[in-house]
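*Asks:* The structure is given below, and queries will be raised subsequently.
The values are calculated or read from the model by the stated rules, or taken from the named source; none is laboratory data. Please read all numbers here as calculations on a predicted model, not as lab measurements. Every residue, glycine as well, gets a Cβ built from its backbone with ideal geometry; the counts of neighbours run over all protein chains shown. Remember, those area values only see protein heavy atoms, side chains included, never the ligands or the DNA or RNA. Shrake-Rupley method; radii C 1.70, N 1.55, O 1.52, S 1.80 Å.
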Amino acid sequence: MAPANMAATTICTSCLRALRHQARKELQSTSRQQYQRQSISSIARIPFGNTRAFATSPIQAAKSSPAAKDDPDPEPLIKLPPEYQRKTTTTSSSSTPTDPLKSFAASVRQSETLRSTTEPYVAYGSTEDLFRICSQQCSYTIPNALKTPPEPAPKNAALEDVGEGEGWWYAPKSQGGLALDVTFNTWAQVMFLHMYMLTVRLRMFPAKHARVWHQQLLDHFFYAAEDRMATWHGMAARGVRNRYLKDLLLQYRGVLFSYDEGLIKGDAVLAAAVWRNVFKADEGADLGDVGLVVAYLRRELQSLGKLEDAKIADAKVQFGDPGTLKKLVETKSPWLGRKFTPEELKGSAEGKSSG
């Protein structure tokens, strides 16, 4: 018999396919009041404390509170203009699975005794789909690695392997893109950004589910990262790959903390975090591009916050086009032309004198 901690990391493909499509009505009905989480074993473990304070918006938290009856549709903390919001469908199906195998899988998950065994299977399959959606935003290849024999990849100024990629993040400025270097580091940071958005939403899953789903999503990233190291960057030595993976884990933890801080303290702090991570703290980075990524992050978090748990669990998630927010970012704020009042100037002078 396998050890108990193997349930979170060992996935049988046949069992996965049988369980991953079963109804997930528990995600809607399970009480959100409980907050005790079980630890799991995996490739990378992230501390999972009281992170619900860093949720995407108060929408899901308010829906689970007693006050939700008085205000069933709360507003997000930072609301984008209506023309820049993405419409999302929050209606979910509550039909009971008619397939005998799916019905059996659903009944198994109703058991408190077997829940800890079946949950990783379901989370593995769904987070695999969620990760695939993230990876569609910034995938790349290195054609020289496919040649026979393989040839060294072109290098940039930082001596990173440069490949060929598609999508807004890599597209040149002339085509409305961000023109980021097509490198492994850029891929990792853009992936971290999208995984962070999903992680923020996963924090509002019922307490019995949230940590497992977060960990499985993170595991998919490290599987893909190691595969890219071996396939596209010629890292045949496992020891070398492990050192890079450990460094990536440290980077991911830093991303979580910096974006969480920006989520709470405001767009200025969030923009600084985006500049450090996505733009590599480049002093020549376009501030308009930084603002565009911040606006994109805010919009997608708001859209994810409107989706029900079942929609997230079924991987019915789409990320919008960041380029559509360019007009919003370029709009001059009326506060830039506002003059300080005598009271404000007086308060500023008093602050300087006291300091």
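*Asks:* I want the local charge near ALA179. Using Cβ-Cβ distances under 10 Å, sum +1 for each Lys or Arg and -1 for each Asp or Glu among the other residues.
*Replies:* Working: positive: LYS173; negative: ASP181, ASP286, ASP289.
Once all neighbours under 10 Å are counted, the net charge is -2.
*Asks:* For the range 146-203, with every protein chain kept in place, what is the accessible area per residue (1.4 Å probe, Å²)?
*Replies:* Values: 2580 Å² over 58 residues.
Here the per-residue accessible area is 44 Å².
*Asks:* Where Rh is the Kirkwood radius over the Cα pairs of the range 169-298, the temperature 37 °C and the viscosity 0.692 mPa s, what D in µm²/s does Stokes-Einstein return? Each step should come with its number before you reach the end.
*Replies:* Numbers: Rh = 15.9 Å.
Reported coefficient: 206 µm²/s.
*Asks:* Taking the full set of protein chains and a 1.4 angstrom probe, give the accessible area of VAL269 in square angstrom, rounded to the nearest 10.
*Replies:* Its heavy atoms expose roughly 50 Å² to the probe.
*Asks:* By how many nm would the segment from GLU164 to THR141 grow when fully extended, if each residue of separation counts as 0.36 nm and the alpha-carbon distance is taken off?
*Replies:* Values: separation 23, 0.36 × 23 = 8.28 nm, distance 0.54 nm.
Residue separation times 0.36 nm, minus the Cα-Cα distance, leaves 7.7 nm.
*Asks:* Now for a different question. Distance in nm between label sites at ILE264 and ALA285, each 7 Å beyond Cα in the beta-carbon direction?
*Replies:* Label-label distance for ILE264 and ALA285, simple model: 2.2 nm.
*Asks:* Would you mind getting the accessible area per residue of the range 213-329, heavy atoms of the protein chains only, 1.4 Å probe, in Å²?
*Replies:* On the way: 5000 Å² over 117 residues.
Counting only protein heavy atoms, the per-residue value for the range 213-329 is 43 Å².
*Asks:* Mind listing the long-range amide H neighbours of VAL182? Cut-off is under 5 Å, sequence gap 5 or more, other chains count too, H placed in the peptide plane at 1.01 Å from N.
*Replies:* Distant-sequence amide H within range of VAL182: GLY163.
*Asks:* Could you rank the peptides 285-291, 309-315 by their average count of other C-beta atoms within 10 Å per residue, with the highest value first? Before the final figure, lay out each step's value.
*Replies:* Numbers: 285-291: 15.1, 309-315: 21.1.
My ranking of the peptides, most packed first, is 309-315, 285-291.
*Asks:* Okay, moving on. Measure off, as a whole percent, the carbon and sulfur share of the 1.4 Å-probe accessible area of the range 127-166, all protein chains present.
*Replies:* On the way: 1300 of 2380 Å².
Carbon with sulfur: 55 percent of the solvent-accessible area.
*Asks:* If the viscosity is 1.002 mPa s and the temperature 20 °C, what Stokes-Einstein diffusion coefficient in µm²/s follows for the range 231-355 when Rh is the Kirkwood radius over Cα pairs? Please list the in-between numbers first.
*Replies:* Values: Rh = 18.5 Å.
Stokes-Einstein gives a translational diffusion coefficient of 116 µm²/s.
*Asks:* Of all the accessible heavy-atom surface of the range 214-355, with the other protein chains kept in place and a 1.4 Å probe, what percent is carbon and sulfur?
*Replies:* On the range 214-355, the fraction of accessible area on carbon and sulfur atoms equals 56 percent.
*Asks:* May I pose another question? Tell me, how many Å apart are the Cα centres for the range 293-355 and for the range 217-268?
*Replies:* Result: 27 Å between the Cα centres.
*Asks:* Oh, and also: Quick one: Kirkwood hydrodynamic radius for the range 252-303, alpha-carbon pairs, angstrom, one decimal? The partial results should precede the final answer.
*Replies:* Details: mean 1/r = 0.0914 Å⁻¹.
Taking the inverse mean of 1/r over all distinct Cα pairs, the range 252-303 comes out at 10.9 Å.
*Asks:* For the full complex of protein chains and a 1.4 angstrom probe, list ARG211, ARG299 by accessible area with the highest value first. Present the calculation step by step, with values, prior to reporting the outcome.
*Replies:* Numbers: ARG211 45, ARG299 10 Å².
I get ARG211, ARG299, largest accessible area first.
*Asks:* Given N residues in the range 109-216, what is its alpha carbon radius of gyration divided by 2.2 N^0.38 Å?
*Replies:* Computed over Cα atoms of the range 109-216, the ratio equals 1.43.
*Asks:* Once label points are set 7 Å from the Cα along Cα→Cβ at both THR231 and THR324, what is their separation, rounded to one decimal in nm?
*Replies:* 3.0 nm
*Asks:* What's the local net charge at GLU151, with K and R +1, D and E -1, over the other residues with C-beta under 15 Å away?
*Replies:* Local net charge: 0.
*Asks:* Taking the full set of protein chains and a 1.4 angstrom probe, give the accessible area of LEU336 in square angstrom, rounded to the nearest 10.
*Replies:* Counting only protein heavy atoms, the figure is 130 Å².
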